[in-house]
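Colleague: Okay, handing you the structure first.
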Amino acid sequence: QVSVPVRTDGKAFVISGFPQIVKVNEKAEVPEEKAGKEREEIHEITVKEDIREFLPTFFKSYTTATQKELAYVLANTDIKGLEGAMKFENVLSSKIYPGKTKGTYEVQ
């Protein structure tokens, strides 16, 4: 499983931080926003669909592309991809949460 921060300007999406690889069958530790409150996914269907369509493109690039090639899909151009160290197959599921600032999202 992988947790990926995503940002949008309303027209396109970019990865805004480092993806985190989480061991299979373990949940990523996501800080609770408020004690006792369950984190809720976003409700905007078109945003969810757009992000979900973008994820395979990102992961294929992240696992195979060079740092220069990744600059086209990442907000942080210092991030280095895996350059073939892992092979991307598919995205089995995703949950999309509001990010910390407007126009940002966190994908798990």
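The values are calculated or read from the model by the stated rules, or taken from the named source; none is laboratory data. These numbers come from a predicted model, not from an experiment. Note: ideal-geometry Cβ built from the backbone for every residue, glycine included; neighbour counts use all protein chains shown.
Colleague: Restricting the search to segment 54-88, which residues are surrounded by fewer than 11 Cβ atoms within 10 Å (Cβ to Cβ) and closer than 13 Å to THR8 by Cβ?
Modeller: Within segment 54-88, none qualify.
Colleague: What are the pairs, 6+ residues apart or on separate chains, where a residue within segment 85-107 that is basic (Lys, Arg) has its Cβ under 8 Å from a residue that is modelled with pLDDT of 90 or more and in a loop (DSSP other than H, G, I, E, B)?
Modeller: LYS95/GLU41
Colleague: Just for segment 72-90: of the residues that are of a type in the set (Val, Ile, Thr) and touching a strand residue (DSSP E or B) at 6+ places or on another chain (Cβ under 9 Å), which one is nearest to HIS43 (Cα to Cα)?
Modeller: The extreme case among them is VAL73.
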